[in-house]
1. Enumerate the amide H contacts of residue 202 below 5 Å, restricted to partners 5 or more residues apart or on another chain; note that Pro and chain-start residues carry no placed amide H.
2. Which part of the range 236-250 falls in the paramagnetic zone of residue 193, meaning amide N under 15 Å from the point 7 Å along Cα-to-beta-carbon?
3. In the neighborhood of residue 278, defined by Cβ-to-Cβ distances under 10 Å, what is the net charge if each Lys or Arg adds +1 and each Asp or Glu adds -1?
4. Determine the per residue accessible area of the chain with all protein chains present and a 1.4 angstrom probe, expressed in square angstrom.
5. Nothing charged except the Cβ atoms of Lys and Arg (+1) and of Asp and Glu (-1): what's the magnitude of the dipole of the chain about its Cα centre? Round to the nearest 20 debye.
6. If one computes P(r) from the Cα atoms of the chain, what percent of pairs lie at distances over 29 Å?
7. Under the Karplus relation 6.51 cos²θ - 1.76 cosθ + 1.60, θ = phi - 60°, what is the ordered set of whole-Hz ³J(HN,Hα) values for the range 102-112, x standing for Gly and Pro?
8. What does the charge add up to near residue 13, with Lys and Arg as +1, Asp and Glu as -1, over the other residues with Cβ less than 10 Å from its Cβ?
Amino acid sequence: MEFVSDNLNVNEKGNLTIGGTDTVELAAKYGTPLYVMDEQTVRTNCRRFNDSIKKFYGDMGRVHYASKALSCMEMCRIVGSEGLGLDAVSIGELYTAVKAGFDPAKIGFHGNNKTNEELSYAVEIGVGHIIVDNISELHRLEKIAEEQGKKPHIMFRIKPGIDAHTHDFVKTGQIDSKFGFALETGEAFEAVKEAVACKNVELYGVHCHIGSQIFDIAPFEEAAKVMLTFIAKIKNELDYEIKGLNLGGGFGIKYLNEHDPQPFEVFMERVAKVVAEQCGALNISRPFIYIEPGRSIAAPAGITLYTVGARKEIPNIRTYISIDGSMADSPRYILYGSEYEAVVANKANEERTERVTIAGKCCESGDLIGENMPLQHAEAGDIIAVCATGAYNYSMSSNYNRLQKPAVVFVNNGESRIAVKRETLDDIIRNDV
Ligand code: LLP
């Protein structure tokens with residue numbers, strides 16, 4: 001049996017394993033629904049990014065894990081121990097990282113509408129750079145920095161005008177986007193002029209992120225060219241050197257067997273080549289490069305385990321397999337129609353002979369994990385594993401229908417440990433008065 005992630009296998013009992021750990025035993029030990037993360041896969045993915053940026057761009061690059069994909073203290077500790085920096089987008093993600101002992105100097109702070117509280121906190125803890133999204137933020141940050149007697153490094157978030165081929169909700173590089181300064185209209189250049197004159201912030205770099213789950217490398221090459229041309233314009237017209245270029249994240253991963261993402265090494269080789277050529281042609285120094293992968297580090301490392309509660313066959317229409325989770329822990333199908341591979345974990349040796357709809361337990365019909373999914377014959381009591389769920393599932397989970405958020409467990413060489421506890425009923429009413 002082949003699975004989408006190479007950390008998945010079948011043991012002698014016919015049970016699905018992740019990172020060598022029996023998933024049926026995990027379900028019995030911790031209960032379901034359960035998020036399971038394989039530590040070694042997270043580490044391997046971090047190293048793959050680190051190694052290729054070193055190989056193709058030398059010591060002039062750094063990988064920042066986009067923590068929105070999966071933010072919890074244990075994940076911060078693991079990526080931090082691999083030497084990565086972090087991308088955080090809210091005071092909550094910053095706080096999680098700080099409490100996990102993450103070095104703030106290696107954090108880039110994002111967001112299209114950071115509050116003053118968030119900006120003050122970021123300046124106070126000394127994040128490596130704040131990625132400023134709009135001019136009002138620049139003004140507010142100037143004031144906050146002055147009050148604190150600090151001079152934070154900033155980058156400007158730029159819309160490079162690139163339209164990547166991905167879902168509309170996760171496209172961000174085009175001019176019609178809520179993120180960043182537009183190049184075409186001159187807005188970005190005007191902002192740079194203003195920032196160069198600012199006393200309390202230091203304009204260090206420019207940033208772009210063109211979207212997420214992108215398979216094609218060409219839009220990244222295009223974005224790098226556009227950004228370097230902008231850096232050259234700033235040098236030529238303002239005599240100001242932009243030292244950092246952040247190219248964002250968005251590298252596609254394999255959710256289904258037919259997905260065929262390029263290895264990251266190929267991405268880095270091609271982008272590094274474009275950067276070197278462009279810098280030569282434009283007569284500018286090579287900038288320090290940052291990339292911000294989230295999904296490609298976390299997603300393949302994770303699965304979600306559920307218990308089947310009911311099987312409902314509607315003749316000539318479809319078969320529903322109802323599980324103990326829902327859109328509250330797995331929101332990507334109802335949000336984007338995202339497809340996943342599923343396996344009956346306790347029958348992982350058997351062929352997937354059926355096509356079923358896996359349904360959640362929330363009170364609405366759209367609450368599905370997927371439709372027309374190939375699956376082994378599943379009945380009440382079976383354990384279902386949904387694969388490659390390590391990114392944007394726990395991090396986007398909710399308490400809809402007052403459901404308790406599942407636990408997050410990390411496995412490593414057959415051992416397992418809790419990273420985030422399952423919510424209790426008292427957690428559900430914790431803030432009620
Ligand atoms: N950098 C910035 C500025 C971003 O906005 C994002 C993602 C990333 C990096 C990381 O992108 P990644 O490597 O993970 O694709 N909830 C959606 C994805 C939203 C992505 C938002 N920004 C999903 O579940 O598909």
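1. Residues meeting the criterion, in which the H sits 1.01 Å from N, are 153, 154.
2. 236-240
3. So the surrounding residues net to +1.
4. Heavy-atom accessible area per residue stands at 42 Å².
5. It comes to approximately 620 debye.
6. 48
7. Computed from phi, the couplings for the range 102-112 are 6, 5, x, 5, 9, 10, x, 9, 10, x, 8 Hz.
8. Value of the local net charge: -3.
The values are calculated or read from the model by the stated rules, or taken from the named source; none is laboratory data. None of these values were measured; they are calculated from a predicted model. Quick reminder, even Gly has a Cβ in these numbers, built from the backbone with ideal geometry, and neighbours come from all protein chains shown. These accessible areas exclude ligands, DNA and RNA; they are computed on the full protein's heavy atoms, side chains included. Shrake-Rupley method; radii C 1.70, N 1.55, O 1.52, S 1.80 Å.
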